Amino acid sequence: MISQVQHLKTMIRTRFAPSPTGFLHIGGARTALFNWLFARHHGGQFLLRIEDTDRARSTQPAIDAIQDGLSWLGLDWDGDLVSQYSRADRHVEIAHQMVASGHAFRCYCDADEVDALRAAAFDEGRALRSPWRDRDPANAPDGAPFVVRFRAGDADMLVEDAVQGEVRWAAKEFDDLVLLRSDMSPTYNLAVVVDDHDMDITHIIRGDDHLVNAGRQAQIYDAMGWKRPVFAHIPLIHGPDGKKLSKRHGALGAEAYRDMGYLPEGLRNYLLRLGWSHGDQEIFTDAEAIAAFDMGGLNKSPSRLDLDKLSHINAHHIAQADDARLCELVTPFLEGLDGQIDDAALKADRIRNAMPALKTRAATLAELAQQAYFLVKARPFQLEGKLAKQLDETACARLNRLFTRLVETDAWNDAALASLLKQFAESESVGFGKVGQPLRAVLTGGAPAPDLALVMAVLGRDEVLGRIKDQLSPGI
RNA sequence: GGGCCCUUCGUCUAUCGGUUAGGACGCUAGGUUUUCAACCUGGAAAGAGGGGUUCAACUCCCCUAGGGCCUACCA
């Protein structure tokens, strides 16, 4: 029993804490991945908290999108999702405690006064301090609105960051930040600290846009006498041009990557190597990633999104993926392609049989659909340009003779068809190209496809003979 | 304006004072070849600039330049 309690105290607990103002974008996905990996590596827990204290900007669709994105990516969180907003009473309680202990105070400045104060502070190159931090609250105007501000410390601040190292600020850099708004609703920096403390979060991996917040938050931890978590601020992801990530180049939701045909494990693997490394290893299974992930591999410099590399990594994972699963995943991508046969069962059958060969040839599910298209394309094909040109008289005559051979053979399988084709080319005294090119044209209609023997084996005798017949002069 | 963070091939990165600065993507030459891929072999390609410290600096320190973040009663 006691050991269980101690275990809980020392257990690694991380969290992902997005604000629900949009979907799960690529940067958030990586942050979540790192927190998830770190927790799983240590046998700890990974929690999900929605930072919805800004009611005006928080939406349920966004909350759903974030959960869907994480689920799709395979980043499962422990316990129930925590709504920060629902914990507002607790945040207020802590704010009052800090007022009582002198670490916070009521500030009665109105908006104009604050603006003037801020402008003065700006000119002096320091952060805003409220005059009310030292005033007797008894002098407060009766019934006037106020906010609760934190009493910024007078000592310099040092934060030990697991990625950035020691980061220092002079005391004057910290303002008396608002803890409770005039409507007594808690603000971000208060809520984060209280929640992370209450949730026993031990390690906070987040974007380095929060680095300064770490200093502010550390002050609150110290004021409350709470143990500070380990902070790890990772650099942001930039666009391919090195500029801030915009929707134009990749600041898309996880579902957009799904719709482009990337596998969750492919995106995970790519994201893993963006800002983290483990020697020269590029390809990771989940087990390898969990075993290898640690803070030491985290990088300090920002990285850019590279869709080409994502595709390359994804290709590896498609080649490794289970055939049945790929058949299912490729279906929606196939639906977008025109002119297919109607027999769904037949389509599924052919694709299933061809999948082992197809999956080594595609970087995305969209490409996989392109690779599979020849299997389900409706006859007859319209051959144009180069394809039609390949079917000259000589080629047609040759295809005719091949047709006869195919009718006669009784071994309709990959290996037998391969040797049949080879022997046929020899008997015709021509190179394989003279046979293969026209045959490929009539069988695939120009669509990408694997080895011809395999193509014939998967298509089946009737379909193969039919496709050949379609392109030869009538009367054959 | 102030503060903080960052800077190795085009891109992702290895290097943790001594290496011909390695790998991967992309690019490129060639091979294989029945399309498209894949695959195999080879190639081009990097320490932002300037000062130090040191026998020795990509690595440590300083300055400059460039980039980023924060500077809200947003998160």
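The values are calculated or read from the model by the stated rules, or taken from the named source; none is laboratory data. Keep in mind that what you see is a predicted model, and the values were worked out from it rather than measured. Here Cβ is always computed from backbone atoms with ideal geometry, including for glycine, and neighbour counts include all displayed protein chains.
Here is a list of conditions, (1) surrounded by fewer than 21 Cβ atoms within 10 Å (Cβ to Cβ); (2) under 29 Å from A:Y262 (Cα atoms); (3) not assigned by TED's automatic domain parsing to the domain that holds A:D343, and A:E367 meets all of them except one; can you say which number that is? All conditions are met except number (3).
Based on this model, can you work out whether A:A120 counts as more than 39 Å from the chain's Cα centre (by Cα), away from RNA strand B (no atom under 13 Å from the Cβ) and either surrounded by 16 or more Cβ atoms within 10 Å (Cβ to Cβ) or not charged (D, E, K, R) (or both)? It is false that A:A120 is more than 39 Å from the chain's Cα centre (by Cα), away from RNA strand B (no atom under 13 Å from the Cβ) and either surrounded by 16 or more Cβ atoms within 10 Å (Cβ to Cβ) or not charged (D, E, K, R) (or both). The helices (runs of 4 or more DSSP H) found entirely in the stretch A:390-467 that carry 1 or more residues being within 13 Å of RNA strand B (Cβ to nearest atom), over 20 Å from A:I341 (Cα atoms) and among the polar types (S, T, N, Q) are A:414-427, A:432-444. Filtering the stretch A:41-62 for residues that are outside the structural domain of A:H197 (by TED's automatic domain parsing), in a helix (DSSP H, G or I) and in contact with a strand residue (DSSP E or B) (Cβ under 6 Å, 6 or more places away or on another chain) leaves an empty set.
Of the numbered conditions (1) farther than 26 Å from A:Y85 by Cβ; (2) in a loop (DSSP other than H, G, I, E, B), A:S182 satisfies every one except a single condition; which is it? The one condition A:S182 does not meet is (1).
Scanning the stretch A:184-230 for residues that are acidic (D, E) and more than 8 Å from RNA strand B (Cβ to nearest atom) yields A:D195, A:D196, A:D198, A:D200, A:D222. The residues of the stretch A:419-432 that are within 17 Å of A:I468 (Cα to Cα) and within 48 Å of the chain's Cα centre (by Cα), listed by number, are A:L420, A:L421. Checking the stated criteria, A:A357 turns out not to satisfy the condition of being part of a helix (DSSP H, G or I) and buried (at least 19 other Cβ atoms within 10 Å of the Cβ). For the stretch A:11-63, taking the residues that are of a type in the set (D, E, K, R) and buried (at least 20 other Cβ atoms within 10 Å of the Cβ), the one that is farthest from RNA strand B (Cβ to nearest atom) is identified as A:R40.
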